[in-house]
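Here's the structure, in structure tokens; my notes come after.
Derivation of every value follows stated rules applied to the coordinates shown; laboratory data play no part. What you see is a predicted model; the values in this text were computed from it and never measured.
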Ligand code: TYD
Ligand code: MG
């Protein structure tokens with residue numbers, strides 16, 4: 001074994017210390033010292049060499065490097081494959097993040113099971129599932145539960161290996177023996193390297209264990225999936241160190257009390273980012289949702305005040321979602337604005353525009369906005385639907401049931417055109433919507449798609465007039481566009 005020792009480095013100013021200090025003596029920052037491994041010998045681990053020249057790193061002419069697309073292992077879970085960019089890239093390292101209890105282990109075990117079983121045209125692959133969180137029995141129970149949902153039961157696949165271990169050095173040893181094509185590590189926060197003094201889950205452990213797994217992936221061609229819990233602040237293991245180490249970052253998100261789960265790619269060296277896969281959590285694991293817009297609109301109450309349909313783009317796929325708004329007279333002092341599924345600041349902005357530009361009396365109203373299905377929408381293209389849901393509730397007048405709303409709201413109360421309008425409108429038409437209220441086109445572009453009546457509105461006021469059901473007794477002089 002090469003001799004290695006550890007040292008502590010301040011993440012703020014770079015001050016190095018031999019022992020841990022709660023406060024950096026140089027910059028005065030608290031808890032900024034992070035442990036690092038220092039390789040004593042330049043040859044480092046094994047014979048590969050960490051420093052100096054190694055034979056494999058010869059410069060090549062770019063023109064001489066093969067440019068074929070990455071070879072991928074097909075993954076028979078379509079929604080998962082789409083997020084990865086088409087399948088599993090051998091030698092890649094993927095981080096699957098998400099809140100505790102959201103379904104990360106379930107998703108990974110499901111993937112492990114299909115990959116190890118294979119399908120009619122995909123040969124089985126050897127999978128090693130390493131768990132530092134649960135016992136073998138617990139995982140076995142989950143696997144049986146997942147299988148119970150299938151039409152015909154078959155034995156658990158022989159190519160699926162399970163290891164309960166938290167010492168990464170031991171894990172790597174087992175990987176060498178089992179020689180899997182796929183390695184799943186559940187979770188990175190439970191893994192530790194004995195060389196480091198800090199405890200599992202600390203920044204230094206997480207960084208070092210992830211780097212070792214990355215080396216393993218790159219040197220062996222094993223595809224590695226690591227599960228990471230997102231802390232309350234929405235950050236994986238303190239700083240976002242992991243995101244730089246891995247090739248692909250996926251987040252599994254959704255409302256824990258609702259069935260829908262979105263698998264979102266936020267970084268992908270092998271495919272498009274912002275791609276989304278939609279699943280539904282069932283009694284027997286996660287099930288793919290192939291027509292998400294239909295699913296999200298399934299429970300919609302038609303002609304109820306306070307509901308509007310937005311068309312957002314999730315990656316390359318348009319998604320129709322119901323946005324609900326509720327206004328209610330403020331009881332004690334300050335009016336509250338409560339978003340669920342939309343950004344707080346966008347809600348404040350929308351309410352401010354409605355108050356100042358349209359003269360709505362929202363100052364003494366609590367405003368609640370909810371995106372149905374536990375979805376989180378960050379796209380400004382949903383502004384118009386948010387505004388319409390709020391106004392619809394305030395006036396107690398429904399938004400027309402056959403209408404979708406697309407548009408970003410500007411501070412002057414104007415509407416702005418989001419991108420990919422053609423795709424959004426086609427999806428709305430496909431789902432049977434007859435009208436779309438959109439921003440006015442200032443330049444001539446492609447004609448609007450067929451099959452849906454497109455109403456262009458220059459301002460939020462015009463758009464709301466077009467969207468709300470006509471039965472409203474409107475104040476005099478207002479023009480319907
Ligand atoms: P889990 O995969 O353990 O979450 P994570 O690894 O992200 O912490 O999933 C936990 C939740 O999923 C748990 O509340 C139970 C639920 N669940 C189902 O509803 N159906 C199932 O078939 C399984 C396996 C879990
Ligand atoms: Mg888990």
- Query: In whole Å, how far is the Cα centre of the range 118-162 from that of the range 271-310?
  - Reply: 27 Å
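Which length gain, in nm to one decimal place, applies between residue 273 and residue 179 when the Cα-Cα distance is subtracted from 0.36 nm times their residue separation? If you can, show how the numbers build up before the last one.
Working: separation 94, 0.36 × 94 = 33.84 nm, distance 3.03 nm.
So the extension gain works out to 30.8 nm.
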- For the range 407-450, what Kirkwood radius comes out of the mean inverse Cα-Cα distance, in Å? 11.5 Å
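As a test, work out the antiparallel percent of DSSP beta bridges whose residues both lie in the chain, rounded to the nearest 5.
Working: 46 of 87 bridges.
Bridges in the chain that DSSP calls antiparallel: roughly 55 percent.
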- Could you work out the per residue convex hull volume over the alpha carbons of the chain, in cubic angstrom? 213 Å³
- Please give the helix 104-117 orientation as an angle from the longest Cα principal axis of the chain, in degrees from 0 to 90, rounded to the nearest 10. 70 degrees
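Based on the alpha-carbon gyration tensor of the range 72-290, what equivalent-ellipsoid semi-axes (square roots of 5 times the eigenvalues) come out, in whole Å, largest first?
Numbers: eigenvalues 116, 80, 61 Å².
Result for the range 72-290: semi-axes of 24, 20, 17 Å.
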- Query: How high is the relative contact order of the range 294-467, in percent, counting Cα pairs under 8 Å that sit 6 or more residues apart?
  - Reply: 24 percent
- So what's the angle, to the nearest 10 degrees on a 0 to 90 scale, between helix 168-178 and the longest Cα principal axis of the chain? 80 degrees
- Note on the structure: Scattering profile of the range 339-407 from the Debye formula, Cα beads only, expressed as log10 I(q)/I(0) at q = 0.15, 0.24 Å⁻¹, is -0.46, -1.21
- Task: Please report, in whole Å, how far the alpha carbons of the range 180-333 spread along each principal axis, starting with the longest.
- Result: 63, 43, 30
- Message: As I understand it, the value is the acute angle between the Cα axis of helix 344-356 and the longest principal axis of the Cα atoms of the chain; what does it come to in degrees, rounded to 10?
- Response: 20 degrees
- Note on the structure: Stokes-Einstein D for the range 294-467 (10 °C, 1.306 mPa s, Kirkwood Rh from Cα pairs), in µm²/s, comes to 100 µm²/s
- Compute the separation of the alpha-carbon centres of the range 359-434 and the range 168-232 and state it in Å as a whole number. 44 Å
- Message: So for the chain, averaging the separation of alpha carbon pairs under 8 Å that are six or more residues apart and normalising by length, what relative contact order in percent results?
- Response: 11 percent
